[in-house]
Amino acid sequence: MRKRLSSTLWGLFFICIGILLVGNILNLWDFTLFFPGWWTLFIIVPCFIHITSDGFHVSSVIGLTIGILLLLMRQNVIDIALTGKLIIPITFICIGLGIVFRNMPHTSNKSFHNFEIHYDKNASNYSTVFHSRKIFIPNEHFFGASLSSVFGELHVDLSSAIITQDIVIHCSSVFGDVQLLVPPNVQVKTSGSPIFGSMRNKTNPVIDSCKPTIYIVYSAIFGEILVR
């Protein structure tokens, strides 16, 4: 259903562009595709469609906000200095709201291929904005996490973590990079939709019912997520 809605929205977007260009040819109106800041549409439109079809995710909201700020800057509505000052606090607000609402009962459940999984209240939250950060989880029980990278690099090492049950890890990357190293006694399943980004799962693809599963729910907007 979500894929169908996403495809429909993309189709409507291209139909609108085509109609506007046809109107130019027939002298019905004067529309130019290359207006100041036109390139920000490659950020705004995918993020908006992702939010509409897949719900509110931290990375999508951050990407949409940054895209709108850059468009307003190119349209001379706000200046460059103010844009630079607003990006970081708005990013922190979006990350904070994502953490708050994700822990609420009505948003904690995720359907993953007809398997109901739950975001554990003991899960950790790690994020980075405009810098590189490395996290090492020691030899202790790990219950899941929320990972977010915005214009930065986030490396999380779980190779020594103790995972004895199925857990959920939310990963979001906006113009950033998230790398996750998992222990050998687990299997990984991923679900999400990259927007001009990528998800690479380099773990063993063989399914073993005896191993605990890490369910990764991700969104990558002009970013990359790597699991190995």
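Listing for the model above:
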| item | result |
| --- | --- |
| Under 5 Å, built H, 5+ apart or other chain: amide partners of SER148 | TYR126, SER127, THR128, SER172 |
| Two-site FRET efficiency, ASN24 against ARG200, from Cβ-Cβ distance with R₀ of 41 Å, rounded to 0.05 | 0.50 |
| Highest to lowest packing among 21-31, 124-134, scored as the average C-beta count within 10 Å | 124-134, 21-31 |
| Viscosity 0.890 mPa s, temperature 25 °C, Stokes-Einstein D of segment 2-102 from Kirkwood C-alpha radius, µm²/s | 160 |
| Net charge contributed by nearby residues that have their C-beta within less than 10 Å of SER132 (K/R +1, D/E -1) | 0 |
| Nitroxide proxy distance, nm - points 7 Å out along Cα→Cβ at GLU140 and LEU86 | 4.1 |
| Relative packing of 137-143, 90-96, which averages over residues the other C-beta atoms within 10 Å, highest first | 90-96, 137-143 |
| DSSP bridge orientation in segment 108-227 - percent antiparallel, rounded to nearest 5 | 10 |
| Kirkwood Rh and Cα Rg combined as Rg/Rh, segment 29-84 | 1.04 |
| Packing-based ranking, highest mean first, of 148-157, 71-80, 11-20 given that Cβ atoms within 10 Å are counted | 148-157, 71-80, 11-20 |
| Debye log10 I(q)/I(0) at q = 0.17, 0.20, 0.21 Å⁻¹ for segment 152-218, Cα point scatterers | -0.62, -0.84, -0.92 |
| Cα-projected label distance for SER191 with ILE162, points at 7 Å along beta-carbon direction, nm | 2.9 |
| Long-range tail of P(r) for segment 108-227 (Cα pairs > 22 Å, %) | 28 |
| Other-chain or far-sequence residues with amide H under 5 Å of MET199's (modelled H) | ILE225 |
| Estimated FRET transfer efficiency when R0 is 41 angstrom, pair TYR126-ILE15 (beta carbons, to 0.05) | 0.50 |
| Residues whose placed amide H lies under 5 Å from that of GLN179, excluding near-sequence neighbours | LEU154, HIS155, VAL156, LEU226 |
| Cβ-derived FRET efficiency at R0 25 Å, THR52 paired with ILE93, nearest 0.05 | 0.75 |
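Coordinate-derived values only; no laboratory data. As the structure is a prediction and not an experimental result, all values here were calculated from the model. Quick reminder, even Gly has a Cβ in these numbers, built from the backbone with ideal geometry, and neighbours come from all protein chains shown.
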